[in-house]
Amino acid sequence: MELKKQWLDSVNNRVSRRTYLEKDLNDTDILSITNLIDEINKESKLNIQFIKNGKLCISGFKASYGMISGVNSFVALVANKDIKNYKQKIGYYGEMITLQATSLGLGTCWVGGTYDKNLCKKHIKFSDNEDLIGIIAIGYVPKELSIKEKVVKNLNKKNKDLKDLFINNQKELYSWMESGAEFALKAPTALNKKEISFEVNDGKVKAIINSKNHGYEDIDLGICMLHFELGANKEGHLGNWYNENGSYIFY
Ligand SMILES: Cc1cc2nc3c(=O)[nH]c(=O)nc-3n(C[C@H](O)[C@H](O)[C@H](O)COP(=O)(O)O)c2cc1C
């Protein structure tokens, strides 16, 4: 699938939003999101679905750290469990939706835990062999972050240096590798620990997630892979990811 140019800017403009304007999405914005979802499902065989009126999905979690409020529309991240590496694919393709929404000026937040999975299932088409992996909140937001959003942002704050991301086994890094990693550092990850690293060998880059215990690793990996690819594209390197013995390599 061709990556859209406007997503490059979205990487820099996106931040998770948790205070929304209680205003329904207009038809033009909905169409832009649903057209992209159709394109994604066709290519990936995922079953991602748009929920226009899904307020109940988050109603049970007002007291949690997430405290997302005022949003009515969501994207339900559904995949058939037989699809190989389906969680990584949900990350990769789901992040396209947040970047597209960002390019439309909308706020977004990935939600893997702080939502009511059972209530959410009432809004979607869902079969026994499928997994609802999470949702993405999408809606209009005030320009400035609310106090609540600033507090959550600081709670989650994690700074990491670009050079700490590389395990480099070649003489020097190419500019597209550094640009890719820079974009990956701006990716949303479940616990914001930025646990991604990149091993470089013979002009190829292997993406590695360093933790294996919170359950969101594969989704985070997919999200970081999309960001890396966009960063590499920005430097004119139109590479591809391929799977080699379970590892993802970009060349
Ligand atoms: C897979 C995944 C699951 C997430 N789950 C939640 C969640 O349940 N509740 C929430 O408030 N934020 C959730 N987030 C948002 C992260 O907390 C947020 O992306 C991270 O702190 C980085 O902040 P940023 O998105 O503003 O860069 C999730 C993000 C990802 C990628």
How about the stretch 172-225: which of its residues are among the acidic types (Asp, Glu) and either in contact with a Phe, Trp or Tyr (Cβ under 8 Å, 6 or more places away or on another chain) or over 22 Å from LEU8 (Cβ atoms) (or both)? GLU172, GLU195, GLU199, ASP202, GLU217, ASP218
Residues of the stretch 1-54 being more than 16 Å from the ligand (Cβ to nearest atom), in a helix (DSSP H, G or I) and charged (D, E, K, R), which ones? ASP27, ASP29, ASP38, GLU39, LYS42, GLU43
Quick check on my filter: what residues within the stretch 179-194 are surrounded by fewer than 19 Cβ atoms within 10 Å (Cβ to Cβ) and either more than 15 Å from the chain's Cα centre (by Cα) or in contact (Cβ under 8 Å) with a residue 40 or more places away in the chain (or both)? GLU182, LYS186
Residue check for LEU132: more than 23 Å from SER10 (Cβ to Cβ) and either within 19 Å of the chain's Cα centre (by Cα) or assigned to a strand (DSSP E or B) (or both): yes
Can you spot a residue in the stretch 106-113 that is more than 19 Å from ASP24 (Cβ to Cβ), assigned to a loop (DSSP other than H, G, I, E, B) and within 12 Å of the ligand (Cβ to nearest atom)? yes
Among the residues listed as LYS87, LYS42, the single one being of a type outside the set (Ser, Thr, Tyr) and in contact with a Leu (Cβ under 9 Å, 6 or more places away or on another chain): LYS87
With respect to SER197, is the statement that it is under 19 Å from the mean Cα position of the chain (by Cα), over 18 Å from GLU95 (Cα atoms), at pLDDT 95 or above and not acidic (Asp, Glu) true? yes
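Okay, residues lined up against (1) at pLDDT 95 or above; (2) under 17 Å from LEU226 (Cα atoms); (3) assigned by TED's automatic domain parsing to the domain that holds SER16; (4) surrounded by fewer than 16 Cβ atoms within 10 Å (Cβ to Cβ):
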position	(1), (2), (3), (4)
ILE90	yes, yes, yes, no
GLU95	yes, yes, yes, no
GLN100	yes, yes, yes, no
GLY112	no, no, yes, no
ASN118	no, no, yes, yes
HIS123	no, no, yes, no
PHE126	no, no, yes, no
ALA137	yes, no, yes, no
For the subset of the stretch 210-244 comprising residues that are of a type in the set (S, T, N, Q) and either touching a strand residue (DSSP E or B) at 6+ places or on another chain (Cβ under 9 Å) or more than 16 Å from the ligand (Cβ to nearest atom) (or both), which member is modelled with the lowest pLDDT? ASN210
One residue from TYR115, TYR86 being touching a helix residue (DSSP H, G or I) at 6+ places or on another chain (Cβ under 8 Å) and among the hydroxyl-bearing types (Ser, Thr, Tyr): TYR115
Single residue of the stretch 160-186 satisfying the filter (assigned to a loop (DSSP other than H, G, I, E, B) and more than 17 Å from PHE250 (Cα to Cα)) that is farthest from the ligand (Cβ to nearest atom): LYS171
Any chance you could count how many residues in the stretch 195-207 are surrounded by 15 or more Cβ atoms within 10 Å (Cβ to Cβ) and outside any loop (DSSP other than H, G, I, E, B)? 9
With respect to VAL11, is the statement that it is crowded, with 20+ Cβ neighbours inside 10 Å and not hydroxyl-bearing (Ser, Thr, Tyr) true? yes
Index of the failed condition, VAL141 passing every other in (1) within 13 Å of the ligand (Cβ to nearest atom); (2) more than 16 Å from the chain's Cα centre (by Cα); (3) not assigned by TED's automatic domain parsing to the domain that holds VAL11: (3)
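The values are calculated or read from the model by the stated rules, or taken from the named source; none is laboratory data. Small disclaimer: the values here were computed from a predicted structure and weren't measured. Cβ coordinates were reconstructed from backbone atoms using ideal geometry, including for glycine residues, and neighbour counts include every protein chain displayed.
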